[in-house]
Amino acid sequence: MATDGKGYRTALVTGASSGIGRALSAWLARRGVRVFAAARRLDELRKLQAELSSASGKLEPLEMDVGKARETIQQIQELDDASGGLDLIVANAGVGFETHAKRIQWDRVEQIIQVNVLGASATLCAVLPRMVERNSGFEVHGSEGHQRLSRVREERDDGKEQVQDAVPDGN
Ligand SMILES: NC(=O)c1ccc[n+]([C@@H]2O[C@H](COP(=O)([O-])OP(=O)(O)OC[C@H]3O[C@@H](n4cnc5c(N)ncnc54)[C@H](OP(=O)(O)O)[C@@H]3O)[C@@H](O)[C@H]2O)c1
């Protein structure tokens, strides 16, 4: 039974197969929350599920690629229907690459936008109107995108790098 899971009955955490999302999913499940743990690597999610088999809550693996925004929206709406309403959504799935401005590759930037910006936005938009309608629910945007993209690494004359804000990002 839930103890200090902040009153959430159900939660969706994207990017739950490693790092912050994995830890947060485990934290919630241990506190009695029914957690839908989403990512592309289903095998990693199943390992987490096995580790948490004795937790008071329940962790359910969910294969999801947030890079496919429309499919993600549909998948989350179906989950919202099937679960009786999601109380918490954490859009945590993200990718990041450290690179020097001289070596930046569009393919990588495009992937960051696809996953961290469009994917996270799709995750949060999917049931936002429903949450407003039922006057309950909480959403968190955990992935990083705009911050990184708005920063430029410059190589100084002395060979050291300095980071400058290229575009004010409001963070
Ligand atoms: N660590 C930091 O210092 C830091 C700082 C600021 C912000 N953040 C943000 O916090 C989030 C988590 O960071 P982390 O360090 O825990 O990263 P991480 O260990 O690399 O985990 C990233 C997670 O995102 C998932 N993911 C990647 N692409 C996906 C896709 N297309 N669809 C669904 N899931 C996808 C990965 O799972 P699969 O590969 O299995 O899909 C993985 O579970 C990221 O969004 C990151 O930008 C991190």
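Okay, residues lined up against (1) outside any strand (DSSP E or B); (2) of a type outside the set (D, E); (3) within 11 Å of the ligand (Cβ to nearest atom):
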{"site": "I73", "(1), (2), (3)": "yes, yes, no"}
{"site": "G94", "(1), (2), (3)": "yes, yes, yes"}
{"site": "E110", "(1), (2), (3)": "yes, no, no"}
{"site": "I113", "(1), (2), (3)": "yes, yes, no"}
{"site": "R130", "(1), (2), (3)": "yes, yes, no"}
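Just checking, does the stretch 14-23 include any residue being under 20 Å from V132 (Cβ atoms), within 10 Å of the ligand (Cβ to nearest atom) and modelled with pLDDT of 95 or more? No, every residue in the stretch 14-23 fails to be under 20 Å from V132 (Cβ atoms), within 10 Å of the ligand (Cβ to nearest atom) and modelled with pLDDT of 95 or more. Applying the set (1) free of Cβ contacts under 8 Å to residues at least 60 places away in the same chain; (2) away from the ligand (no atom under 13 Å from the Cβ); (3) crowded, with 17+ Cβ neighbours inside 10 Å; (4) in a loop (DSSP other than H, G, I, E, B) to T99 leaves exactly one unmet item: (3). The strands (runs of 3 or more DSSP E) located wholly in the stretch 1-71 that include 2 or more residues which are among the polar types (S, T, N, Q) occupy 10-14. Close Cβ contacts (under 8 Å, 6 or more residues apart or on different chains) running from residues in the stretch 36-48 that are more than 17 Å from A91 (Cβ to Cβ) to residues that are near the ligand (Cβ under 9 Å from one of its atoms) and in a helix (DSSP H, G or I) comprise E44/R22; L48/R22.
The residues listed here are A69, A82; of these, the one that is among the hydrophobic types (A, V, I, L, M, F, W, C) and either surrounded by 14 or more Cβ atoms within 10 Å (Cβ to Cβ) or modelled with pLDDT under 95 (or both) is A69. In the condition set (1) over 23 Å from G137 (Cβ atoms); (2) surrounded by fewer than 22 Cβ atoms within 10 Å (Cβ to Cβ), S17 is compliant with all but (2). I'm trying to understand the selection: among the residues of the stretch 72-96, which are touching a residue at least 24 places away in the same chain (Cβ under 8 Å) and among the charged types (D, E, K, R)? Correct list: D80, D87.
Entry remark, the stretch 23-35: residues being in contact (Cβ under 8 Å) with a residue 24 or more places away in the chain and under 18 Å from the mean Cα position of the chain (by Cα) number 8 in total.
The values are calculated or read from the model by the stated rules, or taken from the named source; none is laboratory data. In this text, all values refer to a predicted model and were calculated from it rather than measured experimentally. Cβ sites come from the backbone with ideal geometry, for glycine too, and all protein chains shown count toward neighbours.
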